[in-house]
Amino acid sequence: MEAKQPHNGTAVPVPVEEEKKAPKLSVPSHECEKDKAVLRKDDNDIRVAVIGNVDSGKSTLVGVLTKCVKDDGNGLARQYVFNYPHEKDTGRTSSIGHEIMGFDQEMKQVAPLRAKTSKYEQWQQITKTSKKYVTFIDLCGHEKYLKTTVFGLSGLMPDYAMIVVGANMGVSKMTKEHLGISLALDVPFFVVITKIDIAPADVRKNTVQTLCKILTGVKKSAELIKPEDDLVKCAALFKVGSICPVFSISNVTEEGFPLLKTFLYHLQSRISINPLFKTASDPVEFLIDEIFNVTGVGVVVAGTMLGGEVSQNQVLLLGPDDVGEFAPVVIRSIHFKRNIVDKVSAGQAACFAIRYHGSKKEQLKKSNVRKGMVVVDKSIGPKATWEFSSEVMILHHATMIQEHYQAVIHCGVIRQTAEVSAMNKDYLKTGDKGTIKFRFLYRPEYLHVGMALLFMEGRTKGLGRVASVNYEYKRLKPGVAREKGQKKKEEAERKKSA
Ligand SMILES: Nc1nc2c(ncn2[C@@H]2O[C@H](COP(=O)(O)OP(=O)(O)OP(=O)(O)O)[C@@H](O)[C@H]2O)c(=O)[nH]1
Ligand SMILES: [Mg+2]
């Protein structure tokens, strides 16, 4: 199997001694609410998560946009964006893919190097010559990989979601599901209808009508984009408002691409209005979404900078581990979009080569780090929590959610099973709202009040926000806790039958 490249627009940092100073990236101007001086340096880097039903043409669209090759309708363009050979064989995306497209001063797309050159060279060329770039996060359409798609949407902090719908396929259950998740996570979305070259006119019309109806149902007004539309205004309005731009394209003929590319160029970063992001002058907070072990380098973590600035040789805290502790680590080298840099700041996705620092003599191993951990500044005084409460809404549950119910919590980069330890109602059914106290089953996590969360178990789905965290509660070891829970359950059943 081919080795997977670190993503997040990053690459494996080379050993420190080989590092060179990275070229400076230009900063565009655009209005925002925070002080410009402390905003992230490359506010011109937009992240777009690509979602939609299986076979709707997501990977193909990413391939056509970023590699400037036309598709043949038979899987040609997607070959350039797959991570693994098995994805090439089956044509199905099963992992998260990252690709970038760049624009120059004149708003023209920077021609990528030949599609067959390494991703490394392609990204370096685009970042060096572009004024602005859009990073696409290609996600999976198949239900089997829904957890990966949810992770991409919630943990990789996209500015926007691009929902891809096949004109000939209509709006599927999975498309609606992805749309619902974007809404739940407050990720504004636009729609791209693909395959207009093969969809019969009546089928295409039907797809558009169904889509408009669904969007109206979620209080969004569909804007079917026409050549005369003001795309600058559209991109700005859609960032905060209730419109949903809808593009119609063909990956084979490239019909509709000029309009879509212009729109992508005008997209604005949302970090200034996303409450999760802080400024470069705040203490460092970096969420880990992937871990690599690189020969000659050691452990490399990929993730997103929520706040602060990180430089080479800086000492920060890594955690929480399985008992909720944080350990000092030193940043050995930094990569940003496959370029070696000496600093990254709030809003950027980056890769750090790290190792333990100070009294901890052991060597940091990949197994010591997991997705959901953070690298933070000591001044934050980070704490891990086993228990938190959340205001929730149940999107679907076959019967009732009660105490002891267990589900997988997706919250940013955190993914862990938790149990309902208390509720403000006896039970919750589909459509109900309530307050639930959740307890993680395996380890404490680093959580923020206000973070959006989704919980899932089979077909059950609910969404909510972290309302408060309880640092006082310390969970018993999982085995003991399960035993206790089981006893409590048995007792309740005994009482019921008595
Ligand atoms: N004719 C035509 N075929 C297209 C178009 N877009 C995509 N295709 C074809 O549709 C098929 C599916 O495309 P993919 O890009 O793999 O779809 P996907 O949404 O990424 O699928 P998953 O990753 O499995 O969720 C491929 O054979 C593409 O060649 C289009 O605009 N026109
Ligand atoms: Mg795909």
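The values are calculated or read from the model by the stated rules, or taken from the named source; none is laboratory data. What you see is a predicted model, and the numbers here were worked out from it, not measured in a lab. All Cβ positions, even for glycine, are placed from backbone atoms using ideal geometry, and neighbour counts span all protein chains on display.
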> Using beta carbons and a limit of 6 Å, which pairs, at least six apart or on different chains, have the first residue in segment 192-215 and not assigned by TED's automatic domain parsing to the domain that holds S59 and assigned to a helix (DSSP H, G or I) and the second one small (G, A, S) and within 16 Å of ligand 2 (Cβ to nearest atom)?
Replying inline: none
> So which of R92, R114 is within 11 Å of ligand 2 (Cβ to nearest atom) and not aliphatic (A, V, I, L, M)?
Replying inline: R92
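Does H86 count as assigned to a helix (DSSP H, G or I) and more than 8 Å from ligand 1 (Cβ to nearest atom)?
yes
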>> Suppose we filter I126, I181, I100 for residues that are closer than 27 Å to M451 by Cα and of a type in the set (A, V, I, L, M, F, W, C); which single one remains?
In response: I181
>> If I go through segment 445-469 residue by residue, how many of them are touching a Cys at 6+ places or on another chain (Cβ under 6 Å) and more than 19 Å from H404 (Cα to Cα)?
In response: 1
> From the residues in segment 355-376 that are in a strand (DSSP E or B) and surrounded by 24 or more Cβ atoms within 10 Å (Cβ to Cβ), which one is farthest from the chain's Cα centre (by Cα)?
Replying inline: V375
> Which ones in segment 332-349 are crowded, with 24+ Cβ neighbours inside 10 Å and of a type in the set (A, V, I, L, M)?
Replying inline: I334, V341, V344, A346, A349
>> Consider segment 43-54. How many of its residues are near ligand 1 (Cβ under 7 Å from one of its atoms) and among the hydrophobic types (A, V, I, L, M, F, W, C)?
In response: 1
>> Given the options L113, L153, L179, L146, name the one that is touching a Ser or Thr at 6+ places or on another chain (Cβ under 7 Å) and among the aliphatic types (A, V, I, L, M).
In response: L153
> Do you know which of the residues in segment 128-169 that are over 21 Å from V301 (Cα atoms), more than 16 Å from ligand 1 (Cβ to nearest atom) and not charged (D, E, K, R) is surrounded by the fewest Cβ atoms within 10 Å (Cβ to Cβ)?
Replying inline: T129
>> I'm trying to understand the selection: among the residues of segment 48-69, which are modelled with pLDDT under 95 and among the charged types (D, E, K, R)?
In response: K67
> Just a yes or no: is a residue in segment 55-72 within 8 Å of ligand 1 (Cβ to nearest atom), in contact (Cβ under 8 Å) with a residue 12 or more places away in the chain, in the same structural domain as V252 (by TED's automatic domain parsing) and over 30 Å from G180 (Cβ atoms)?
Replying inline: yes
> Under the condition of being part of a strand (DSSP E or B) and within 16 Å of ligand 1 (Cβ to nearest atom), which residue from segment 218-270 is surrounded by the most Cβ atoms within 10 Å (Cβ to Cβ)?
Replying inline: S248
